[in-house]
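Trainee: Please read through the structure below; I'll follow up with questions.
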Amino acid sequence: MRKIEVIPYKAQWASEFKQEAALLNQVLSREIVCIHHIGSTAVEGLKAKPVIDIMPVCKDIYSIDAYNQAMAEIGYVAKGENGLSGRRYFEKGGHQRTHHVHIYQEGNPEADRHLAFRDYLRTHPKEAARYGGIKEDLARLFPYDIQSYIMRKHIIVNEIERKALVWYGKS
């Protein structure tokens, strides 16, 4: 069972993203339009679980299925949609998870939702600090109960997401 850890921001996360994005670009270059660093590790100063979330945007989501073996060769496990229609999801690192890859097709509103959330937290440091503190508290309360952690975190995520989408639409 994995322990849930929320730790202070590490500047190395940005370079770890760039390194992994370059690797992903080598494997998926014919399909990928762009690659974004998303999630808490993409927000400077935000406390986070030390897992790099990466969001490649592709031309055709169905073409990604042909790359499952190539992704396995660089350490990723394919999880298909993993509960979100229109996404292809991959994990790296097993129980010591290091990376999550969420691939969406160009124009999928889920991609915009991720970018809105990230950019809102990047430009609203008080909200980022509040969010990081709540995640840290939840990790202490539920160190081995990922379902409870996610369920409780979902409340604050939804609140911030609503604000972020309004803000993102205006910017």
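Trainee: Being of a type in the set (A, V, I, L, M), touching a Lys or Arg at 6+ places or on another chain (Cβ under 7 Å) and either within 18 Å of THR41 (Cβ to Cβ) or in contact (Cβ under 8 Å) with a residue 12 or more places away in the chain (or both), is that true of even one residue in the stretch 117-125?
Mentor: no
Trainee: Now a separate question. Please verify whether the stretch 137-150 includes one or more residues that are part of a loop (DSSP other than H, G, I, E, B), touching a strand residue (DSSP E or B) at 6+ places or on another chain (Cβ under 6 Å) and either small (Gly, Ala, Ser) or within 24 Å of ALA78 (Cα to Cα) (or both).
Mentor: Looking for residues that are part of a loop (DSSP other than H, G, I, E, B), touching a strand residue (DSSP E or B) at 6+ places or on another chain (Cβ under 6 Å) and either small (Gly, Ala, Ser) or within 24 Å of ALA78 (Cα to Cα) (or both), one finds none in the stretch 137-150, hence no.
Trainee: Does the stretch 142-171 hold any residues that are under 15 Å from ILE4 (Cβ atoms) and surrounded by fewer than 12 Cβ atoms within 10 Å (Cβ to Cβ), and which are they?
Mentor: Residues satisfying the conditions are TYR144, GLN147, HIS154.
Trainee: Scan the stretch 23-51 residue by residue and report those that are more than 20 Å from THR123 (Cα to Cα) and hydrophobic (A, V, I, L, M, F, W, C).
Mentor: Within the stretch 23-51, LEU23, LEU24, VAL27, LEU28, ILE32, VAL33, CYS34, ILE35, VAL51 meet the criteria.
Trainee: Does ALA70 satisfy the criteria of being out of contact with any Ser or Thr (no Cβ under 8 Å at 6 or more places or on another chain), of a type in the set (Gly, Ala, Ser), in contact (Cβ under 8 Å) with a residue 40 or more places away in the chain and in a helix (DSSP H, G or I)?
Mentor: The answer is yes for ALA70.
Trainee: Could you please let me know if ALA21 is over 26 Å from MET151 (Cα atoms) and exposed (fewer than 15 other Cβ atoms within 10 Å of the Cβ)?
Mentor: no
Trainee: Inside the stretch 8-17, can you point out the residues that are assigned to a helix (DSSP H, G or I) and aliphatic (A, V, I, L, M)?
Mentor: Step one: list which residues in the stretch 8-17 are assigned to a helix (DSSP H, G or I), which gives 12-17.
Of everything in the stretch 8-17, just one residue is assigned to a helix (DSSP H, G or I) and aliphatic (A, V, I, L, M), namely ALA14.
Trainee: Continuing with this model, one more query. Residues to consider are GLU20, GLU5, GLU91; find the one that is in a helix (DSSP H, G or I) and of a type in the set (Asp, Glu).
Mentor: On the way: GLU5 fails: in a helix (DSSP H, G or I); GLU91 fails: in a helix (DSSP H, G or I).
One residue alone meets the criteria, GLU20.
Trainee: For the stretch 94-128, how many residues are in a helix (DSSP H, G or I), surrounded by 17 or more Cβ atoms within 10 Å (Cβ to Cβ) and of a type in the set (Ser, Thr, Tyr)?
Mentor: Counting residues in the stretch 94-128 that are in a helix (DSSP H, G or I), surrounded by 17 or more Cβ atoms within 10 Å (Cβ to Cβ) and of a type in the set (Ser, Thr, Tyr) gives 1.
FYI, it's all coordinate maths here, none of it is from the lab. Since we're looking at a predicted model, the values are computed, not measured. All Cβ positions, even for glycine, are placed from backbone atoms using ideal geometry, and neighbour counts span all protein chains on display.
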